[in-house]
Structure formats: C-alpha cells, structure tokens
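Right, one structure below, let's go through it.
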Amino acid sequence: MRRELRSQRRALEGLLAEFEPGVLDGLDAVAIVKEVAKIKSVCAAVEAGAVRRIDGSNVWRAKGYRSAAHLVASVTGTSVGSATNMLQTAERLANSSTEISAVEMPRSANITA
C-alpha cells in the first residue's frame, strides 16, 4: 500500500504542476473543488486508520518516542497537541457505532490540522 500511496501522491503533484486556475470556467472550478474535497475525505480516513495503528502497534516506543502523538507529530510536521487530536479523532471514528464512508465523512471528522 505504501508504494501505491506514493504513486498517487506523485500523480497529484504532477496535476498540481500543470494546474492553471485562471483558465478554468466556473463550472470546472466547482467540479474540481468537489473532487478535491472527496480526495481529502478519503485521505483523512486512511490517515485515521494508520494513526490508530501507530498507537496500537507501539512502534512509537520502538522508535524512541515518548508517545504515539510524538511520533505522529514528527512524521506529519504538526504539534503534539494536533497529533493528540488526530489520535483521539481516529479512536472516536473507530469506536463509532455508525459506519462512516470515507467519501461521506463530515468535515468535522477531518483529522488533519
């Protein structure tokens, strides 16, 4: 899965390099915003699962971090507080009695700061 994610990120970076917002008409801009929002929701769902696994696997201990939040903060470039929020949100989503589709994930469930 790591290779596939890396490949998808590079593809998106390629799209960004060619992106010229000034040539879009309004309808195209709306469609792009809609697709990007869906992509962000999918990414947030994947990130939540991986963040939760970091916590459960204790890899943070093996790598010498004080907590899972410290490791997540290090790899995401966020603060420990933001990483703690990510971990708490991931846990809440995992324990939710309602099945949440990544594409339907509400904005409030976005775990990136």
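When N is the residue count of region 1-62, what does its C-alpha Rg come to as a fraction of 2.2 N^0.38 Å?
Dividing the Cα Rg of region 1-62 by 2.2 N^0.38 Å gives 1.53.
Amide H of Tyr65 versus every other amide H placed in the peptide plane: which residues, excluding those fewer than 5 positions away on the same chain, fall under 5 Å?
The list, which skips near neighbours in sequence, is empty: none.
What do you get for GluC sites (Glu not before Pro) in region 1-104 restricted to DSSP loop and a cutoff of at most 13 other Cβ within 10 Å of the site's Cβ? Write out the running numbers ahead of the final one.
Working: sites: Glu4, Glu13, Glu18, Glu35, Glu47, Glu91, Glu99, Glu104; in loops: Glu99.
Listed in order of number, the matching sites are Glu99.
Quick check: pseudo-label points 7 Å beyond the Cα along Cα→Cβ at Asp25 and Val80, how many nm apart are they?
Inter-label distance under the simple model: 5.4 nm.
For region 2-109, just list the percent of Cα-Cα distances falling in each 5 Å bin from zero outward, please.
Reading upward from the zero bin: 2, 11, 16, 19, 17, 15, 10, 6, 3, 1, 0.
Read-outs: derived from the displayed coordinates by stated rules, not from any lab. Computed from a predicted structure; not experimentally measured. Heads up, the Cβs are rebuilt from the backbone with ideal geometry, glycines too, and the neighbour counts pull from every protein chain shown.
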